[in-house]
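Since the structure comes first, as structure tokens, the remarks are kept for the end.
The values are calculated or read from the model by the stated rules, or taken from the named source; none is laboratory data. Since the model is a prediction, treat every value here as computed from it, not as a measurement. All Cβ positions, glycine included, derive from the backbone under ideal geometry; neighbour counts span all protein chains shown. SASA here: full protein model, heavy atoms, side chains in, ligands and nucleic acids out. Shrake-Rupley method; radii C 1.70, N 1.55, O 1.52, S 1.80 Å.
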Amino acid sequence: MRGTRAQTNTGSKEGVNLSKQQKKKKETTIDSYYSANGTEGERSANDKPEIPVNWIQAVEELKPQLREDEDNWEKNLKIKISHLEREALELKQENSVLKAKINQLENEAKEIKDEAKEMKDKIKRMKDDLQRKSDQKEKDDQKARDEIQSLRTRIKQLESSDLTRQQDTIKQNKKNEKFEENVKHLIHKTDDLENHSRRDNLRIIGLPKDHDKRKSLDIILEEIIQENSPEILEEEGKVEIERIHRSPPVFNPQLTTPRNVIAKFKNNQMKEKILKAAKKKPFRYHGNMVRLTQDLAASTLKDRKAWNTIFWKARGLGLQPRIKYLPKLTIFLQRKVL
């Protein structure tokens, strides 16, 4: 009986030693996984790629649970070993039962090992997933940086192009201003030449058209001068007219006034005498008021027309406005030019 108990006790001690070896092996396997190169929580500088911060945090969160499981497992194992020792001392005859229990413990240890392996695989999968997400994020960040750089390049190109266009626009505006100045100068010269070409012309305004049917315009002009200022005909004898005609018609249904008569004199002195006489008093012809003025270019007449309001207001104030050649307004006040 004692031999049986001793044998059982020896078997229990072997089982205890075996259990301690399994525990040590388990601890070595788990701890070695977390600190494969020495100190726990540290990794060798040669391990590449570098472990992301998120993965390390996940591992740190799992370590307390694993340690707690190890402590529980160790406590349970100690209790079971103590129970086995007590049973071995009391019941050596139950050697076969103890062997079965030892086999059971081995199976549990194997299951724990499998669980540890499964946990290791799970952690590895998590690590791979974190690495994959980190790589994808790095790719996205690089793509965003490339797009930003591309946009900056395009903005610089657009700014450079816009600056070039602005410079071209400034140059073109200067050219346009120069062209406009040249055009204004040419228009002014053209108006001046046209006015000089009309210096011998006289414009008759307000002459009814029905008189043209009975007499020619040159005879009508002589009669106007004879009726209003006969001394001119007495001095000059006869009015020498190179050409006389009415101004071209203007298509305006609302215009009811007769067209102006333009007369070109051979003698400029005769034209000037008639204009001076017309300024002294209004001319009439068969009871109708007619006005004799210098014939000027259309642009000059348009410029003078813009001064009508100023002209009449100046007259109302007792001033003496005069329009000189070409369209130049002069105002006299107390025989002084303002």
Residues (at pLDDT below 75, loosely packed, with under 14 Cβ neighbours inside 10 Å and among the hydrophobic types (A, V, I, L, M, F, W, C)) located in the range 90-109:
97
Hey, can you tell me all the residues within the range 269-298 that are touching a Lys or Arg at 6+ places or on another chain (Cβ under 8 Å) and either open to solvent by 50 Å² or more (accessible area, probe 1.4 Å) or among the charged types (D, E, K, R) (or both)?
282, 295
Only one of 133, 127, 143, 137 is under 30 Å from residue 54 (Cβ atoms), touching a helix residue (DSSP H, G or I) at 6+ places or on another chain (Cβ under 6 Å) and either modelled with pLDDT under 90 or of a type in the set (D, E, K, R) (or both). Can you tell me which?
127
What residue, of 209, 215, is in contact with a helix residue (DSSP H, G or I) (Cβ under 9 Å, 6 or more places away or on another chain) and under 23 Å from residue 248 (Cβ atoms)?
215
